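A.B. asks: Here it is, the structure, as structure tokens.
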Amino acid sequence: MGAREFRDGAQDGLEALEPLDPENIGSFDELLTAMRKTAFGGRRLGEAFEVLWAMIDDPDCSVVMTLSGAMTIAKMGKIVSTMIDHGMVQCVVSTGALIAHGLSESVGKTHYRHHPSMTDEELFKKGYNRVYDTLEMESNLNYVEHVVAQTMKRIDQDRPLSSEVLTHELGKTLAEEFDGAGILKSAYVKKVPVYIPAFTDSEMGLDVGTWAMGRVVDRARVQTKGGSDLDILNAINKSCPSFNPYQDLNSYTTHITSAKRLGIFTIGGGVPRNWSQQVGPYIEISNMRLGLNVRPPRFQYGVRICPEPDYWGGLSGCTYQEGISWGKFVPPDEGGRFAEVLSDATVVWPLLMVGLLERVRAKRAVQEVAR
């Protein structure tokens, strides 16, 4: 090895870091901007703030927000609806449970803090469903079922259903009959589609299923002629809603392929994240197998908040860099901008949201002065 050089980082064009000075910070925007010049998790969060701002401030960018985890039980629901209200996202892909628990909140129901002195056996007997340190009342979910059933009665029974159709109609019910804020209400008002790829993995999915079976239960009792309740259940199980998940896939594909640029903001991982990213491969294999020549869409911006690291090998930990190999993302050397924060979303998401709102308000104030 030759003699070492003692170069200054500036000679190689490296970016200098700066001490985070709390005396010079007066807002969340300033805090997050300063954190980008620090290190470790703080730098990741600061970079995520800048990329997230870039995608929502890009007028040609359509932003997809994917949601998983118990974010609405964790009281993050108003962050979601606020992002929709302010035009920060143009499409939502979520787990069904997250939307169902958000519905509970939207219709005026309450979640409670779990007291560790209460055992899970006691919680079950009292009708309390525990999610880590928080409780969802079973009575809340029963009331949500009434809202779902009320909505189903209004829908044309011959109309093929999909999660997009159902969430739109539920949003309409909330907008017309309930005063509180809500994810589906905001989505309905702002015309933002909401997709739930694993719809039956949710309280809403069970509600729609039991609603369909309820329409034929009396007839099944007559047909089974005194049979057991299990016989009746087996008979009514054959009555299913006219639900076609490919309506969701193709509707989402149309939404994505019509955008000039794409951004994705992901909380957690799982089915919503992977489902939302598969349009690029979907178009690519369609071109190959069907003789088409459609440009596969790829995400140019991406921000993910998830505590799962990639070395566990789970889909939730898949990095954006890895996703480039699947044709899902624009490589950084072609303009792709991505940031990943390995943290609990309930800790960092509120910070990002308040910082974004500060920038939005500041930008609007400048535009008002310019007029």
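The values are calculated or read from the model by the stated rules, or taken from the named source; none is laboratory data. This structure is a prediction, so every number in the text was calculated from the model and none was measured. Note that we place each Cβ from the backbone using ideal geometry, even for glycine, and neighbour counts take in every protein chain shown. All accessible areas refer to the heavy atoms of the entire protein, side chains included, with ligands and DNA or RNA removed. Shrake-Rupley method; radii C 1.70, N 1.55, O 1.52, S 1.80 Å.
A.B. asks: Can you list the helices (runs of 4 or more DSSP H) lying wholly within segment 238-328 that have 1 or more residues being of a type in the set (A, V, I, L, M, F, W, C) and in contact (Cβ under 8 Å) with a residue 40 or more places away in the chain?
C.D. replies: Values: elements: 245-257, 270-277, 279-290, 320-324.
Where helices (runs of 4 or more DSSP H) fall fully within segment 238-328 and carry at least 1 residues being of a type in the set (A, V, I, L, M, F, W, C) and in contact (Cβ under 8 Å) with a residue 40 or more places away in the chain, they are 245-257, 270-277.
A.B. asks: Also, quick follow-up: Which members of segment 201-215 meet the condition of being open to solvent by less than 20 Å² (accessible area, probe 1.4 Å), within 18 Å of A70 (Cβ to Cβ) and assigned to a helix (DSSP H, G or I)?
C.D. replies: Passing the criteria: M204, G205.
A.B. asks: Starting from residues that are among the hydrophobic types (A, V, I, L, M, F, W, C) and not in a helix (DSSP H, G or I), keep the ones in segment 329-367 and report whichever is surrounded by the fewest Cβ atoms within 10 Å (Cβ to Cβ).
C.D. replies: Kept after step one, since they are among the hydrophobic types (A, V, I, L, M, F, W, C), are these residues of segment 329-367: 329-330, 338-339, 341-342, 345, 347-349, 351-354, 356-357, 360, 362, 365-366.
Checking the rest, the ones that are also not in a helix (DSSP H, G or I) come to 329-330, 338-339, 341-342.
On the way: F329: 25, V330: 20, F338: 24, A339: 22, V341: 22, L342: 15.
Ranking the qualifying residues of segment 329-367, first place goes to L342.
A.B. asks: Scan segment 216-236 residue by residue and report those that are outside any loop (DSSP other than H, G, I, E, B) and either closer than 25 Å to S276 by Cβ or open to solvent by 70 Å² or more (accessible area, probe 1.4 Å) (or both).
C.D. replies: To start, the set of residues in segment 216-236 that are outside any loop (DSSP other than H, G, I, E, B) comprises 217-224, 229-236.
Passing the criteria: D218, R219, R221, V222, Q223, D229, L230, D231, L233, N234.
A.B. asks: While we're here: I'm trying to understand the selection: among the residues of segment 294-315, which are among the aliphatic types (A, V, I, L, M) and either surrounded by 17 or more Cβ atoms within 10 Å (Cβ to Cβ) or in contact with a Lys or Arg (Cβ under 8 Å, 6 or more places away or on another chain) (or both)? Give the derivation first.
C.D. replies: Narrowing segment 294-315 to residues among the aliphatic types (A, V, I, L, M): 294, 303, 305, 315.
Answer for segment 294-315, where residues must be among the aliphatic types (A, V, I, L, M) and either surrounded by 17 or more Cβ atoms within 10 Å (Cβ to Cβ) or in contact with a Lys or Arg (Cβ under 8 Å, 6 or more places away or on another chain) (or both): V303, I305, L315.
A.B. asks: Could you list, ordered by first residue, the pairs with Cβ atoms under 9 Å in which the first is in segment 120-138 and among the small types (G, A, S) and the second is open to solvent by less than 60 Å² (accessible area, probe 1.4 Å), at least 6 apart or interchain?
C.D. replies: Pairs found: G127/M137.
A.B. asks: Moving on to the next point. Please specify each residue of segment 98-152 satisfying the condition of being hydroxyl-bearing (S, T, Y), more than 24 Å from the chain's Cα centre (by Cα) and farther than 26 Å from G268 by Cα. Walk me through how you get there before you give the answer.
C.D. replies: Residues of segment 98-152 that are hydroxyl-bearing (S, T, Y), as a first pass: 104, 106, 110, 112, 117, 119, 128, 132, 134, 139, 143, 151.
Subset that is more than 24 Å from the chain's Cα centre (by Cα): 117, 119, 128, 139.
Residues satisfying the conditions are S117, T119, S139.
A.B. asks: Turning to a different aspect of this structure: Checking S239 against (1) closer than 27 Å to V80 by Cα; (2) of a type in the set (S, T, Y); (3) surrounded by 13 or more Cβ atoms within 10 Å (Cβ to Cβ): exactly one of these is not met. Which one?
C.D. replies: It fails just one condition, (1).
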